[in-house]
Amino acid sequence: MTSTTPTGRAEAPVTEAAPVPAPPPGRTAPAKSAGSPWLTALRTSGVLAVAAWCLAPFYWMIASSLRAPEDIFETTLWPSDPSLTNYAGVLDPSQGFLRSLANSFIVAGTTTVLALIVGIATAYALARLEFRFKRLVLTGIIATSMFPVVSITIPLLKLFVGMGWINTYQAMVVPSMSFALPLAVWNLTAFFRQMPTQLEESARVDGCTRGQAFRKVILPLAAPGLFTTAILTFVMAWNEFLIAVSMTNKQSMQTAPVAVSKFTGAAQFVEPHGSQMAAGVLVTIPLVILVLFFQRRIVAGLTAGAVK
């Protein structure tokens with residue numbers, strides 16, 4: 001209906017709000033709840049159980065590394081008299097363990113850098129360029145990582161002996177690349193694909209070449225994916241054992257995992273459990289620091305690469 005004002009002007013029609021229908025008898029509107037306390041307790045218990053299952057080996061490794069050699073077979077959760085004797089033995093210059101740690105850093109770092117350089121270019125081409133057999137190329141790259149390491153170790157060993165590469169860094173880096181590169185290409189291809197092409201088109205409109213658009217626009221935005229790929233590649237190369245033990249026979253060129261496997265006890269039939277545990281702690285510390293320092297970028301890279 002309409003009404004008029006004292007000045008004679010007609011007002012806008014007044015409409016009445018439609019009544020809100022009442023819920024049917026016997027039914028009430030659903031109420032928001034925080035969830036059942038039992039369900040919350042069950043979820044919390046599950047998370048704690050998984051965390052304990054994953055952390056228990058590391059805890060036992062730390063506890064065993066702090067036991068004196070004569071107390072290594074104690075079954076207490078924590079050593080009664082913690083000692084740094086095992087760490088002192090591992091870090092003794094005569095053991096050469098610090099040199100082995102440096103070798104691991106060199107091999108893992110070089111493998112990571114080379115895998116990123118080649119992987120970034122390859123992944124960008126697979127994600128952005130259109131050419132024949134593109135899917136076949138990506139499938140072939142991924143298929144190379146499915147061969148077990150032992151299947152290529154002996155042929156590579158014979159090849160590197162003829163080339164004079166035994167006891168060199170390249171003898172460990174090149175085989176590691178055959179497994180690090182597919183991982184880098186797979187992760188970065190998925191990450192580049194989810195980035196909108198309008199970013200490059202806008203940069204091209206502003207006068208950038210394709211290379212400049214890639215360098216100034218795409219790479220900075222792809223930082224989370226690059227960090228994630230770099231860390232995963234570094235961890236894989238750091239933990240590699242079979243290639244390193246096959247390509248080196250000099251103590252000065254051994255990586256940390258190989259050095260740990262060759263620790264000897266004080267006597268012929270004495271196992272160096274304490275020294276191995278202490279060395280395991282020292283080998284794990286760099287990886288823990290790396291993951292904790294870049295954990296936000298790792299999560300951001302994994303989620304961004306999986307969500308459009």
Number of positions in the stretch 209-234 that are in contact with a Ser or Thr (Cβ under 8 Å, 6 or more places away or on another chain) and among the polar types (S, T, N, Q): 1
Count of residues meeting criterion [more than 15 Å from residue 105 (Cβ to Cβ) and crowded, with 19+ Cβ neighbours inside 10 Å] in the stretch 241-260: 5
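Quickly run through the stretch 275-295 and pick out the residues that are at pLDDT 85 or above and either in the same structural domain as residue 79 (by TED's automatic domain parsing) or not hydrophobic (A, V, I, L, M, F, W, C) (or both).
Matches in the stretch 275-295: 275, 276, 280, 284, 286.
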Any hit, the stretch 153-160, residues being of a type in the set (Ser, Thr, Tyr) and free of Cβ contacts under 8 Å to residues at least 24 places away in the same chain: no
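Each row is one residue, and each column tells you yes or no for (1) of a type in the set (Gly, Ala, Ser); (2) more than 29 Å from the chain's Cα centre (by Cα); (3) surrounded by 17 or more Cβ atoms within 10 Å (Cβ to Cβ).
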| residue | (1), (2), (3) |
| --- | --- |
| 116 | no, no, yes |
| 122 | no, no, yes |
| 134 | no, no, no |
| 139 | no, no, no |
| 149 | no, no, no |
| 155 | no, yes, no |
| 163 | no, yes, no |
Selection count, the stretch 185-199, where residues are more than 24 Å from residue 137 (Cα to Cα) and surrounded by 11 or more Cβ atoms within 10 Å (Cβ to Cβ): 1
Residue that is modelled with the lowest pLDDT, among those in the stretch 72-109 that are over 13 Å from residue 253 (Cα atoms) and of a type in the set (Ser, Thr, Tyr): 75
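Those residues that are free of Cβ contacts under 8 Å to residues at least 40 places away in the same chain and under 21 Å from the mean Cα position of the chain (by Cα), I need them from the stretch 240-255; list them, please.
Selection gives 241 alone.
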Only listed residue being at pLDDT 80 or above, surrounded by 10 or more Cβ atoms within 10 Å (Cβ to Cβ) and farther than 30 Å from residue 284 by Cβ, chosen from 49, 41, 63: 41
Breaking point among (1) in a helix (DSSP H, G or I); (2) surrounded by fewer than 19 Cβ atoms within 10 Å (Cβ to Cβ), for residue 74: (1)
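The values are calculated or read from the model by the stated rules, or taken from the named source; none is laboratory data. These figures come from a predicted structure and were not determined experimentally. Every residue, glycine among them, receives a Cβ derived from its backbone with ideal geometry; neighbour counts consider all protein chains shown.
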